[in-house]
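Enquirer: Dropping a structure here in structure tokens format, bear with me for questions.
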Amino acid sequence: MRTALLQSSGRPGSVEGNLKVLDEAAGRAAAAGAALLAAPEMFLTGYAIGDDIARLAEPADGDSADTVAEIAARHGIAIAYGYPERVADAVHNSAQLISADGVRLANYRKTHLFGCFERDHFEPGEQPVIQAELGGLTVGLMICYDVEFPENVRAHALAGTDLLLVPTAQMHPFQFVAESLVPVRAWESQMYVAYVNRVGQEGEFEFVGLSTLAGPDGVARARAGRGEELVFADADPALLAASRAANPYLTDRRPGLYGSLV
């Protein structure tokens with residue numbers, strides 16, 4: 001499945017502006033043969049926007065979700081994107097996957113909040129594994145800091161995730177996560193991992209780009225630089241099956257030894 005990663009910070013504070021950026025990127029991605037477009041963490045509103053996070057938060061089935069669904073259907077491409085989700089009095093840092101015919105397939109709430117900024121503005125999610133079927137693959141959702149916990153990714157592997165989408169807001173000086181950790185996660189749990197980042201200065205944060213789609217062999221199939229960019233790579237079921245057969249980490253596990261971990 002050809003996958004496009006939209007490395008961009010969009011227009012922080014402007015939902016309308018970000019929907020336009022998403023629309024344009026969806027058109028470019030579809031024209032290049034992609035079946036899936038993934039956008040970064042909090043792409044819909046911007047990340048470092050303070051109290052505007054709560055003001056701009058919407059339900060998973062809100063007006064912006066309807067607009068993304070219309071964009072997906074018009075271009076014939078599935079879209080995953082990050083946004084602040086309003087649930088009663090709480091706000092979650094969420095990511096949603098919408099199919100190429102405009103159907104909401106999955107919605108994930110970030111389970112591991114990073115730093116005081118996120119803990120001040122969000123409530124953590126409680127469901128670690130959210131999946132949907134797309135293009136013959138089982139696609140999972142996770143957000144940024146979540147992927148830095150190996151237990152999280154392994155839970156997806158054990159649940160059958162083939163392609164893990166990770167919208168992120170990875171900042172300086174933690175670029176080693178994109179450069180080194182993400183390919184290792186893909187290798188040790190035998191899956192594809194698509195890690196799609198923001199770029200540039202936003203408030204107090206400097207986002208480092210370096211979006212990547214890593215394969216189950218630990219090789220980066222796509223690697224963006226430090227600027228705005230749309231990059232492409234394929235998630236190949238045949239390679240995934242061959243890699244899992246050659247590297248049987250999941251079948252060679254001995255869960256009885258790991259009780260102390262929980």
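Enquirer: Nearest-5 percent of antiparallel DSSP beta bridges in segment 51-196?
Expert: Bridges in segment 51-196 that DSSP calls antiparallel: roughly 70 percent.
Enquirer: Still on this structure, I have one more. Only four residue types carry charge here, +1 at the Cβ of Lys and Arg and -1 at the Cβ of Asp and Glu. Report the dipole size of segment 103-262 about the Cα centre in Debye, rounded to the nearest 20.
Expert: 380
Enquirer: Accessible area per residue for the chain in Å², computed with a 1.4 Å probe and the full protein assembly in place, what is it?
Expert: Normalised by residue count, the accessible surface of the chain is 40 Å².
Enquirer: Sort 104-112, 217-225 by the packing proxy (mean of other Cβ within 10 Å over each peptide's residues), most packed first.
Expert: 104-112, 217-225
Enquirer: Against the longest alpha carbon principal axis of the chain, how many degrees, from 0 to 90 and to the nearest 10, is the axis of helix 63-75 turned?
Expert: 70
Enquirer: May I ask for the percentage of alpha-carbon pairs in segment 185-262 that lie more than 17 Å from each other?
Expert: 57
Enquirer: For a protection proxy built on the mean count of beta-carbon atoms within 10 angstrom, sort 226-233, 155-162, 245-252 highest first, please.
Expert: In decreasing order of mean packing, 226-233, 155-162, 245-252 become 155-162, 226-233, 245-252.
Enquirer: Would you calculate, for the chain, the mean residue ellipticity at 222 nm contributed by helices, counting each DSSP H stretch of 4 or more residues as -39,500 (n - 2.57) and dividing by all residues, to the nearest 500?
Expert: -8000 deg cm²/dmol
Enquirer: Against the longest alpha carbon principal axis of the chain, how many degrees, from 0 to 90 and to the nearest 10, is the axis of helix 15-31 turned?
Expert: Its long axis makes an angle of about 50 degrees.
The values are calculated or read from the model by the stated rules, or taken from the named source; none is laboratory data. Only a predicted model underlies this, so the values are computations on that prediction, with no experimental measurement involved. A quick note on method: Cβ atoms are made from the backbone with ideal geometry, for glycine too, and the neighbour counts reach across all protein chains shown. For the accessible areas, the whole protein counts, side chains as well, though only heavy atoms, and no ligand, DNA or RNA atoms are used. Shrake-Rupley method; radii C 1.70, N 1.55, O 1.52, S 1.80 Å.
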